[in-house]
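The values are calculated or read from the model by the stated rules, or taken from the named source; none is laboratory data. No experiment lies behind these values; they were computed from the predicted model shown. Here the Cβ positions follow ideal geometry from the backbone for every residue, glycine too, while neighbour counts run over all protein chains shown. Accessible surface is based on the protein model in full, side chains and every heavy atom, while ligands, DNA and RNA are left aside. Shrake-Rupley method; radii C 1.70, N 1.55, O 1.52, S 1.80 Å.
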Amino acid sequence: MESIWFRSCPIEHKEALAQNIKADIAVIGAGMTGILTAYKLQKTGKSVVVLEANRIANGQTGKTTAKITSQHGLLYYRMILDLGEEKARQYAQANEKAIEAYRSLIQEEKIDCDFETVDAYVYSQNAEILEKEALSAQKLGISASFVPTPRFPVATAGAVKFQNQAQFHPLKLIAPLAQKLTIYENTVVQSVDGHRIETNRGTVWGQKIIFACHYPFINFPGMYFSKMHQERSYILALENANPIDGMWIGADAHSYSLRRWRDTLLFGGESHRTGKNRQGGRYHALRQKAQELFPGSRVTAAWSAQDCMTPDHIPYIGSYSSSRPDWLIATGFQKWGMTTAMAAAQILCDRLCSKENPYADLFRPDRFSAKSIPGMAEEGKQAFQGLGKRFFQIPENTVETIPAGHGGIVWQNGKKTGVLKDKSGKTFSVSPRCPHMGCQLEWNPDEQSWDCPCHGSRFDLQGNLLEGPAQTGLPHS
């Protein structure tokens, strides 16, 4: 399930690490955050290397809907209530400046990446909350307005419009930037100790180390596993769909994300917590809705993406932990990775160049708020349930009762086993224990993968690692 970005923009391969090296700064992860941060730091004269476990942009950057916007759902009214007007203004300004930073970068480097200035909309069935959101955004200095009758195919009570937002082709931006950087692909970071990074290809010493790898794989210090979770969402690329103006996102349950790219409409939705999709049917539901809203349209691509969600809806950007002053991190981008990637690059670059950044304190990873307690309690509950299922839940399936093309957990040879039965009836057996922290995995029939409901690690039917924070695959059972 390849995205339209990969189909339309191949990126030049980079060699794997072949020897032990040293650098001023080592960046772990060659997605948008890692590439932008490395590019900005290299321009200051620092020696920078980027380590990528797979291929450049192979993670969430290649699966995004590629919206660059400060419009992050119905956020600002709630943020003003929870955090106060000043912090809400900082959040809005950080994202607005990120949009302008993309414009400046694209102009400076003369990059053709299908960058377009468009309006961004959030729609809902609740007109009252939309009007409050529009007024809140205006108060924070955003050019926003309530639109009572938007031109949009989904029935709605209105929308909030943010002007002068943007959309682009993410890989067309990354490709020329990557050519200017020292990047080692297929170089898996296995451990980090102080300034020493051990990979499957050799050792890297970095005076500063930046974790730009989506979800941090080191649990202590930091304990990021206790303060965020991951969600999956699904995307269709549609041809022959009526065009829409601008970028759209729904604020209600069972709503959708839409934007166009050339003659293609990207239609997304069906979000759920990773590891909570036992019944499947997400792509089918999207296809049905697409035919309802855009009769005669044709699906040309389908894929899914994964996002890290924080309890207070603000990303973690800054010091990894007070006990690791030379480690930095950028994670928890919610569903706004492209905008936040640039904001993170600016904050991290300023910090490493000893420059004050007016937004750094807002995104500080070690912040604590009473408003975060329920969310953190929920993460603890989910982890407890995942571990509890592993020890106490009795499997309902047997190998015989699993339908062809589906997977499930069975009791086999005196232990729990994850079994996938392909359409021919052939079975693939793996351990259903996530190697990250031991939670019981669940089968995702839409992605044909074993997913962790605690922290979002994913594995294919043969147990190979697809996404972290786990660092190893599953043993065969």
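Tabulated results
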quantity	calculated
D (Stokes-Einstein, µm²/s), Kirkwood Cα radius, the stretch 1-120, 1.567 mPa s at 4 °C	76
Difference of contour (0.36 nm per residue) and Cα-Cα distance, S143 to H13	42.7 nm
Accessible carbon and sulfur surface of the chain relative to its total accessible area, %, 1.4 Å	49
Percent of C-alpha pairs per 5 Å bin, the stretch 90-219, short to long	2, 8, 13, 13, 12, 12, 13, 10, 8, 6, 4, 1
Exposure of Y39 as accessible area (Å², to 10), given a probe of 1.4 Å and all protein chains	20
Modelled FRET efficiency - R0 25 Å, T300 with D112, Cβ distances, 0.05 increments	0.65
Y316 long-range amide H proximity, modeled H, under 5 Å	T331, G332
List F225, F168, F6, ordered by accessible area with a 1.4 Å probe, largest first	F6, F225, F168
Separation in nanometres of the label points that stand 7 Å from Cα toward Cβ, at K423 and Q207	5.7
Residues of type lysines that K110 reaches as a straight line, Cα spacing below 17 Å, ignoring anything fewer than 8 places off in the same chain	K40, K43, K172, K180
Ranked by how many other beta carbons lie within 10 Å on average, peptides 152-163, 109-120, 64-75 from highest	64-75, 152-163, 109-120
Reachable lysines from K421, criterion Cα separation under 26 angstrom, eight or more residues apart if same chain	K276, K389
FRET efficiency, D193 to S104 (Cβ-Cβ, R0 22 Å, nearest 0.05)	0.05
Sites A404 and F220, calculated FRET efficiency, Cβ-Cβ separation with R0 45 Å, nearest 0.05	0.60
Globularity ratio of the chain, using Cα Rg and 2.2 N^0.38 Å	0.96
Cleavage-rule hits, trypsin sites (Lys or Arg not before Pro), the stretch 407-470, DSSP coil, Cβ neighbours within 10 Å at most 13	K423, K426
Cysteines (scope the chain) whose Cβ has no counterpart Cys Cβ under 4.7 Å	C9, C113, C213, C308, C349, C353
Set of aspartates and glutamates near K161 by C-alpha distance (under 19 Å), chain-local residues within fewer than 8 positions excluded	E96, E100, E116, D119, E128, E131, E133, D245, D252
Net +/- balance of residues flanking A241 in space, Cβ distance below 14 Å, scoring K and R +1, D and E -1	+2
At least 20 Å along the helix axis (C-alpha) and Kyte average at least -1.0, DSSP helices within the chain	337-352, 373-392
Whole-number accessible area per residue in Å² for the chain, which is evaluated in the context of all protein chains at 1.4 Å	42
I80 - accessible surface, heavy atoms, 1.4 Å probe, Å² rounded to 10	30
Per-residue SASA entry for H313, accessible area with 1.4 Å probe, Å² rounded to 10	70
Net charge of neighbours whose Cβ lies under 14 Å from the Cβ of I210, counting Lys and Arg as +1 and Asp and Glu as -1	+1
